Amino acid sequence: MYIKWLNRTELSLITGGNNMSTRTVDLKNLRNIGIMAHIDAGKTTLTERILYYTGKTYKIGEVHDGAAVMDWMEQEQERGITITSAATTCSWNDHTINIIDTPGHVDFTVEVERSLRVLDGAVAVFDGVAGVEPQSETVWRQADKYNVPRICFINKLDRTGANFDDDVQSIIERLEAKPAVLQIPIGSEADFVGVIDLVEMKAHTWTKDDGSEWDIADIPEDRLEEANTKRAELLDVVAEADDEVLEKYLGDEELSVAEIKKAIRTGTLSGLFVPVLAGSAFKNKGVQLLLDAVVDYLPSPLDIEPVSGFTPGKEEDEISREHSDEEPFSALAFKVVSDPHVGKLTYFRVYSGTLNKGDKVVNTTTGKDERLGRILRMHSNSREDIDFISTGDIVAGVGLKNAKTGDTLSDSGSPIQLESMTFPEPVISVAIEPKSKADEEKLSEGLQKLAEEDPTFKVNSDEETGQTIISGMGELHLDILVDRLKREFKVEANIGKPQVAYREALKKKTDIEAKYIRQSGGRGQYGHVIMELEPIEDGYEFVDLIKSGRIPKEYIPSVNAGVEAAMESGVLAGYPLVNMRATLKDGTYHDVDSSEMAFKIAGSMALKDGAKKAGVKLLEPIMTVEVVTPEDFMGDVVGDLSSRRGKIAEMGQRGSAKVVSAKVPLSEMFGYATDLRSRTQGRATFTMQFDSYEDVPDAITKEITASVRGVEVEV
């Protein structure tokens with residue numbers, strides 16, 4: 001059979017595109033998916049092909065030419081990497097597909113996190129040479145966190161060194177996933193021409209460079225035995241997902257294509273296994289079959305569990321919403337962008353109900369009413385005004401002045417607050433100041449808008465020096481944000497040397513008593529607390545054990561507020577204090593002199609005095625570093641990592657190269673890229689991502705505290 005694909009821009013069906021106040025696409029035919037991967041695995045290249053073959057674009061945009069539609073930022077086009085997630089909508093086989101293309105660099109992992117939170121399915125893209133890479137693991141775990149069903153696409157099978165079987169094995173070993181291999185490659189490396197479909201048992205061979213024409217034929221004789229073996233392995237996996245299919249399979253009955261596809265869909269949606277497909281996005285092979293798989297195997301909103309939340313102000317009162325237009329409106333804001341043309345854009349996913357342009361909603365996170373002035377369907381950075389949205393839609397709104405990432409938008413008559421979103425804390429900081437005094441206000445405004453967009457970007461003022469400190473997920477993250485200040489806000493800035501985001505933690509449990517008493521005639525101040533402070537594994541907890549009204553209940557939140565405020569600046573070197581439980585055990589109050597402020601100050605005093613009594617240690621961010629190097633430089637690479645206080649975790653092989661994985665303190669990794677190039681004649685590469693916080697050795701703690709405080713502190 002000969003297939004010719006036609007570009008169908010004029011036939012592409014866009015949900016709501018006709019501005020009618022009715023649903024135009026059946027909910028069962030809607031797919032909300034993300035494209036996720038390690039950097040340079042080919043996510044954006046794949047997305048560009050999807051847009052072309054679905055008729056959304058008339059020309060293929062190439063990343064290496066800076067012409068990719070989805071990489072619209074100047075920095076993305078210049079660097080050839082995705083920095084911010086971009087959304088679009090396209091159509092395939094009478095199904096509408098909302099797509100979010102996410103970054104692969106670890107510094108921008110927040111974009112993956114917030115996208116996966118609102119998506120129903122995902123395509124995980126892997127480099128056919130490298131297989132599963134460090135960021136592949138990170139995004140996979142993020143998808144696990146939100147129970148997102150996914151399909152694997154092993155890309156770049158045209159490249160020298162590509163090995164499909166090794167890639168599948170790396171999915172098993174590194175992701176601990178069960179693959180259901182639906183295709184195997186025809187040809188390898190430069191001779192890769194197509195795939196054998198193990199479900200329909202047909203060979204697909206692409207015959208035209210742009211991928212628009214391909215042949216579907218019987219499997220060649222010399223590959224038939226291998227294909228039969230692989231199909232038997234596939235059926236072993238997928239039969240477990242469906243009792244009827246399993247019964248027929250065990251009885252050696254012939255299974256129809258429809259029965260196999262049904263079992264694959266069931267197993268994919270339940271997370272029992274992940275379908276694996278093959279191709280080369282850059283060479284335009286395998287993309288149409290991947291689109292078929294998205295439609296066949298990934299969920300519609302109807303396949304997803306009802307979204308759960310609680311009645312605003314009553315977290316114990318759990319409620320849920322079915323994915324239905326008949327339910328009251330509910331949506332989650334997952335991204336905020338400052339747009340130079342329309343102002344603040346708030347991206348949100350509709351979980352239930354419908355809404356018209358101009359309607360009012362309540363932001364149940366803030367308790368404030370919001371009016372949706374405009375509704376925009378986004379195609380990367382271009383916009384289409386629509387009048388109506390319904391369940392499953394992913395759109396951007398104009399006019400939501402108070403909405404932030406993680407806020408819930410709800411019908412005011414039947415409010416619900418959905419689970420918000422949590423993000424990692426920054427690990428690196430720099431001081432920033434405008435080159436011109438006249439730009440101070442513009443700098444402040446620009447930083448505020450960037451921080452509103454990015455929950456992992458923090459802006460603080462150093463109380464001792466008066467400097468503005470910006471913090472982020474890595475050097476590249478901050479470099480991009482400073483560049484955006486220059487381009488978007490016209491602010492030239494001076495940047496200090498990178499500083500590590502250390503943390504402080506208690507060494508042991510302690511009891512502490514604190515009194516805040518002020519008498520100066522008239523009404524005074526009186527707050528008295530007895531507390532227990534103890535280290536815990538992670539986070540912060542406040543426990544109230546007050547009985548018999550020893551402290552009135554209206555003052556107890558103030559004690560907690562005082563403790564939290566004092567934790568922001570620790571007692572050892574001024575870094576935030578973390579991983580602690582504060583238990584309020586007793587105290588006293590004065591009928592006239594006690595106040596919320598007095599108890600807040602007492603709580604703050606208890607924290608400061610208690611931390612000094614318990615003793616405090618310094619924590620530092622530890623990074624997982626993976627280096628891929630020719631064997632000749634292996635010794636140098638390992639020795640250098642060890643000299644940086646690194647602990648070698650694993651050494652292995654990837655093709656002809658050696659791979660070293662190590663845990664290294666972030667403070668030792670500044671300038672590593674230059675050093676590695678020098679040691680390996682530019683032939684080694686590395687990736688780095690945050691792993692955990694660990695104790696800083698005493699000798700180094702003394703150096704750090706001395707540099708911060710100007711005097712050596714005993715630890």
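Applying a threshold of 7 Å to beta carbon distances and a minimum spacing of six or more residues, or different chains, the list of pairs starting in segment 443-463 at a residue that is of a type in the set (Phe, Trp, Tyr) and ending at one that is buried (at least 19 other Cβ atoms within 10 Å of the Cβ) and not in a strand (DSSP E or B) reads Phe457/Leu450; Phe457/Leu481.
Residues that are among the hydrophobic types (A, V, I, L, M, F, W, C) and crowded, with 17+ Cβ neighbours inside 10 Å: which helices (runs of 4 or more DSSP H) entirely in segment 208-278 hold 3 or more of them?
Working: elements: 221-238, 243-250, 257-270.
Where helices (runs of 4 or more DSSP H) fall fully within segment 208-278 and carry at least 3 residues being among the hydrophobic types (A, V, I, L, M, F, W, C) and crowded, with 17+ Cβ neighbours inside 10 Å, they are 221-238, 257-270.
Condition check ((1) of a type in the set (Gly, Ala, Ser); (2) assigned to a strand (DSSP E or B); (3) within 27 Å of Asn460 (Cβ to Cβ)) across all residues:
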{"site": "Ala573", "(1), (2), (3)": "yes, no, yes"}
{"site": "Phe599", "(1), (2), (3)": "no, no, yes"}
{"site": "Ala602", "(1), (2), (3)": "yes, no, yes"}
{"site": "Leu619", "(1), (2), (3)": "no, yes, yes"}
{"site": "Val625", "(1), (2), (3)": "no, yes, no"}
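Here Phe310 does not qualify as over 23 Å from the mean Cα position of the chain (by Cα), buried (at least 22 other Cβ atoms within 10 Å of the Cβ) and under 30 Å from Asn402 (Cβ atoms). Restricting attention to segment 462-500, the residues that are within 25 Å of the chain's Cα centre (by Cα) and not in a helix (DSSP H, G or I) add up to 9.
Which count do you get for residues in segment 311-356 that are part of a strand (DSSP E or B), out of contact with any helix residue (DSSP H, G or I) (no Cβ under 7 Å at 6 or more places or on another chain) and β-branched (Val, Ile, Thr)? Walk me through how you get there before you give the answer.
First pass over segment 311-356, keeping only residues part of a strand (DSSP E or B): 311, 314-321, 330-339, 343-352, 354-356.
Imposing the further condition that a residue be out of contact with any helix residue (DSSP H, G or I) (no Cβ under 7 Å at 6 or more places or on another chain) reduces the set to 311, 314-321, 330-331, 333, 339, 343-348, 350-352, 354-356.
Filter again for β-branched (Val, Ile, Thr), leaving 311, 319, 346, 350, 354.
Of the residues in that region, 5 qualify.
Please indicate, with yes or no, whether at least one residue in segment 437-451 is surrounded by fewer than 16 Cβ atoms within 10 Å (Cβ to Cβ), part of a loop (DSSP other than H, G, I, E, B), over 22 Å from the mean Cα position of the chain (by Cα) and of a type in the set (D, E, K, R). Checked against the condition, which is being surrounded by fewer than 16 Cβ atoms within 10 Å (Cβ to Cβ), part of a loop (DSSP other than H, G, I, E, B), over 22 Å from the mean Cα position of the chain (by Cα) and of a type in the set (D, E, K, R), segment 437-451 yields no hits at all. Checked against (1) surrounded by fewer than 16 Cβ atoms within 10 Å (Cβ to Cβ); (2) more than 29 Å from Lys617 (Cβ to Cβ); (3) of a type in the set (Gly, Ala, Ser), Ala657 passes all but condition (1).
Scanning segment 639-689 for residues that are in a strand (DSSP E or B) and basic (Lys, Arg) yields Lys647, Arg654, Lys658, Lys663.
Could you identify the single residue in Asp222, Asp165 that is modelled with pLDDT of 95 or more and among the acidic types (Asp, Glu)? So that I can check it myself, show each step before the final result.
Working: Asp222 fails: modelled with pLDDT of 95 or more.
Being modelled with pLDDT of 95 or more and among the acidic types (Asp, Glu) holds for just one of Asp222, Asp165, which is Asp165.
Of the residues in segment 408-416, at least one is crowded, with 19+ Cβ neighbours inside 10 Å and within 23 Å of the chain's Cα centre (by Cα).
Residue-level check: of (1) within 30 Å of the chain's Cα centre (by Cα); (2) of a type outside the set (Val, Ile, Thr); (3) in a helix (DSSP H, G or I), Lys608 misses just (1).
Could you list, in sequence order, all residues of segment 422-432 that are among the aliphatic types (A, V, I, L, M) and surrounded by fewer than 18 Cβ atoms within 10 Å (Cβ to Cβ)? Don't jump to the end; show me each part of the working.
Within segment 422-432, the subset among the aliphatic types (A, V, I, L, M) is 427-428, 430-432.
Scanning segment 422-432 gives a single hit, Ala431.
The values are calculated or read from the model by the stated rules, or taken from the named source; none is laboratory data. Predicted model only: the values in this text are computed from it and were never measured. Counting neighbours? That spans all protein chains shown, and the Cβs are built from the backbone with ideal geometry, glycine included.
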